[in-house]
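Derivation of every value follows stated rules applied to the coordinates shown; laboratory data play no part. Everything numeric in this text was worked out from a predicted model, so none of it was measured. Cβ sites come from the backbone with ideal geometry, for glycine too, and all protein chains shown count toward neighbours.
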Amino acid sequence: SQKIEQNSEALNIQEGKTATLTCNYTNYSPAYLQWYRQDPGRGPVFLLLIRENEKEKRKERLKVTFDTTLKQSLFHITASQPADSATYLCALGGEGRRALTFGSGTRLQVQP
Amino acid sequence: NAGVTQTPKFQVLKTGQSMTLQCAQDMNHNSMYWYRQDPGMGLRLIYYSASEGTTDKGEVPNGYNVSRLNKREFSLRLESAAPSQTSVYFCASSEAPVGYGYTFGSGTRLTVV
């Protein structure tokens, strides 16, 4: 069955460092991959979308890579700030017209 | 610009009671979705509507029904609530299921006792 894996353990880093979160998937051939941010008690917020033919995408301090051979996406936040502390979800889509399938998310804690 | 509006925000039901969760979007999106989120399990798709007039089952549709009332509104009904349906429910919308980011509502926290 399709499976999306994100590190369930929280990632703790110091302010100013680069945070790197991982999303691995199996039994899936997505046409694109998305990343979302979720704060406690709130709905997810869309951050970035990367397509299968794109290796890398950037938006301000965010960078996403997508390796369809390794079946992996890496999500980087450079110059991290305490305000970046949240849970980050990856989501896969594109098979047929089905809706997105989400991973369970990784909590990021940026220490001042 | 309200985005996606969900009502109610909180609800407590007794086992066997029924209720409808309401969702409306003002972005003229074609597609709408209902997900539930449980600790450690991430977001799981219940039902979605790729376009007005169509609905499809997701990963966990049992115990739920949906209605795409018009382009703006997509409701989720629990006919006979069970404790296993205790969860946080999120409605979302997008231009299409494929290739676009989703806009989520703020969620409905439902407890079934």
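Restricting attention to chain A, close to 90% of DSSP beta bridges with both partner residues there are antiparallel. Can you bin the stretch B:1-41 into rounded, prolate or oblate? Criterion: square roots of the alpha carbon gyration tensor eigenvalues sorted a ≥ b ≥ c, rounded for a/c under 1.5, prolate for a/b above b/c, oblate for the rest. Judged from the Cα gyration tensor, the stretch B:1-41 comes out prolate (a/c at least 1.5, a/b above b/c). Count Lys and Arg as plus one, Asp and Glu as minus one, and take only other residues whose Cβ is under 11 Å from that of A:Thr26; the net charge is then +1. Distance from the alpha carbon centroid of the stretch A:78-112 to that of the stretch B:55-87 works out to 25 angstrom. Counting neighbouring Cβ atoms within 10 Å and putting the fewest first, the residues B:Lys14, A:Lys55 line up as B:Lys14, A:Lys55. Please tell me which of these pairs span more than 19 angstrom C-alpha to C-alpha: A:Lys17/A:Lys63; A:Lys17/A:Lys59; A:Lys17/A:Lys55? Checking Cα-Cα distances, A:Lys17/A:Lys55 exceed 19 Å.
At the listed q of 0.18, 0.21 Å⁻¹, the Debye profile of chain A, built from one uniform point per Cα, gives log10 I(q)/I(0) equal to -0.86, -1.14. Put in line by how crowded their Cβ is, counting other Cβ atoms within 10 Å and starting with the fewest, B:His29, A:His76 read A:His76, B:His29.
In order along the stretch B:84-100, phi translates into HN-Hα couplings of 5, 8, 5, 5, 9, 10, 10, 9, 9, 9, 7, 4, 7, x, 10, x, 9 Hz, rounded to whole numbers, per the Karplus curve 6.51 cos²θ - 1.76 cosθ + 1.60 with θ = phi - 60° and x for Gly and Pro.
According to the calculation over all Cα-Cα pairs in the stretch A:37-76, the P(r) per 5 Å bin from zero is 6, 21, 27, 18, 16, 8, 3, 0 %. Straight-line cross-link reach from B:Lys9 at under 18 Å between alpha-carbon atoms covers these aspartates and glutamates, not counting any fewer than eight positions away in the same chain: A:Asp39, B:Asp38, B:Glu73. In terms of surrounding Cβ atoms within a 10 Å radius of their Cβ, B:Ser67, B:Ser80, B:Ser87 rank from fewest to most as B:Ser80, B:Ser67, B:Ser87.
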